[in-house]
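One structure is given below, represented as structure tokens, and several questions about it will come after.
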Amino acid sequence: MDGADISCIFRDDGLSDLIGFEYSKWHADDAVADLIQHIQNIAAVEREDSVIAIIMDGENAWEHFPDNGYHFLNALYRHLSLHPDIEMTTFSECLDSEVEVRSLTDLVAGSWVYGTFSTWIGDEDKNRGWDMLYDAKCCFDKVLASGKLDRQQQREAEYQLAICEGSDWFWWFGDYNPGLAVSSFERQFRMNLSNLYHLLGEQPPAYLALSFTQGSGTPAMGGAMRRGLEQ
């Protein structure tokens, strides 16, 4: 929007991916020492008030660490809390502080995965999933406009639509992911769309009874995470 101020903090792919893909193979103390050294190296060449954002993809990294990352996280927070030059903060605390927010003249559409939206759209199977969601949303809009749902029914349909609109469904569609994961998410996606139609009082399309994607790949971390940049 014209005149709107939006503050953005960008993920450090290198540090985030070290935690996501590499440090689970290391001894916790060695991994923490390495991460802090990387942060110190960045601090040595950046401004004093620079912000380093380590952003993880939910809980996916920790299941690959011994004891779900307990030893790594315990050592990391202990060392960071005692470090004389590194200050931990949240995004809101950072923006409320004296850190300078500089303007960007350009901003590309992208993500932390390869810098594109290819993880969620573009593949034939992913696009098929979007087509199904589009059909369901059109039906949702038509039914709501008709006024045939009472307030409770409308709330239930809106909640179900929100479930169907979750981006992680499309993450899994495509043959590069493991077959079991793809089939599980695909089946659940079709079921949720069918449930939405039923809540709207409509008959689900026949295609929702048919599988439309399957996987056969063996990606890192079983597909639960993707590296920030292609290696």
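The values are calculated or read from the model by the stated rules, or taken from the named source; none is laboratory data. None of these values were measured; they are calculated from a predicted model. Neighbour counts run over all protein chains shown; Cβ positions are idealised from the backbone, glycine included.
Answer with yes or no whether L180 is in a helix (DSSP H, G or I) and out of contact with any strand residue (DSSP E or B) (no Cβ under 7 Å at 6 or more places or on another chain).
Yes: the conditions hold for L180.
For the range 189-218: of the residues being among the polar types (S, T, N, Q) and surrounded by 13 or more Cβ atoms within 10 Å (Cβ to Cβ), which is modelled with the lowest pLDDT? Break it down stepwise before answering.
Looking only at the range 189-218, we keep the residues that are among the polar types (S, T, N, Q), and these are 192, 194-195, 203, 211, 213-214, 216, 218.
Still in the running and surrounded by 13 or more Cβ atoms within 10 Å (Cβ to Cβ): 192, 194-195, 213-214.
Details: N192: 98, S194: 98, N195: 98, T213: 92, Q214: 86.
Going through the qualifying residues, I end up with Q214.
Residue-by-condition table, conditions (1) small (G, A, S); (2) part of a helix (DSSP H, G or I); (3) surrounded by 19 or more Cβ atoms within 10 Å (Cβ to Cβ); (4) touching a His at 6+ places or on another chain (Cβ under 8 Å):
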{"site": "G122", "(1), (2), (3), (4)": "yes, no, no, no"}
{"site": "N127", "(1), (2), (3), (4)": "no, yes, no, no"}
{"site": "Y134", "(1), (2), (3), (4)": "no, yes, no, no"}
{"site": "F140", "(1), (2), (3), (4)": "no, yes, yes, no"}
{"site": "F185", "(1), (2), (3), (4)": "no, yes, yes, no"}
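Please determine whether any residue of the range 39-55 is of a type outside the set (G, A, S), touching a strand residue (DSSP E or B) at 6+ places or on another chain (Cβ under 6 Å) and surrounded by 13 or more Cβ atoms within 10 Å (Cβ to Cβ). Talk me through it step by step, then tell me what you get.
So the first thing to find is which residues in the range 39-55 are of a type outside the set (G, A, S), and the list is 39-42, 45-49, 51-52, 54-55.
Now restrict to residues that are touching a strand residue (DSSP E or B) at 6+ places or on another chain (Cβ under 6 Å): 55.
Keeping just the survivors that are surrounded by 13 or more Cβ atoms within 10 Å (Cβ to Cβ) gives 55.
Within the range 39-55, one or more residues are of a type outside the set (G, A, S), touching a strand residue (DSSP E or B) at 6+ places or on another chain (Cβ under 6 Å) and surrounded by 13 or more Cβ atoms within 10 Å (Cβ to Cβ).
Right, next: Quick one: G58 ticks every box in (1) surrounded by 10 or more Cβ atoms within 10 Å (Cβ to Cβ); (2) free of Cβ contacts under 8 Å to residues at least 24 places away in the same chain; (3) not hydroxyl-bearing (S, T, Y) bar one, so which box is it?
(1)
Hand me the list of helices (runs of 4 or more DSSP H) wholly inside the range 1-99 holding 3 or more residues that are among the charged types (D, E, K, R) and on the phi < 0 side of the Ramachandran plot.
Values: elements: 13-17, 28-45, 70-82, 91-96.
Those helices (runs of 4 or more DSSP H) span 28-45.
I've got another one for you. Determine whether the range 164-172 contains at least one residue that is more than 23 Å from S111 (Cβ to Cβ), out of contact with any Ser or Thr (no Cβ under 8 Å at 6 or more places or on another chain) and assigned to a helix (DSSP H, G or I). Even if it seems obvious, please write down each step before you answer.
The initial filter retains those residues of the range 164-172 that are more than 23 Å from S111 (Cβ to Cβ), namely none.
No, the range 164-172 contains no residue that is more than 23 Å from S111 (Cβ to Cβ), out of contact with any Ser or Thr (no Cβ under 8 Å at 6 or more places or on another chain) and assigned to a helix (DSSP H, G or I).
While we're looking at this one, here's another question. Just one of (1) modelled with pLDDT of 95 or more; (2) out of contact with any Cys (no Cβ under 7 Å at 6 or more places or on another chain) trips up A136, so point out which.
The failed condition is (2).
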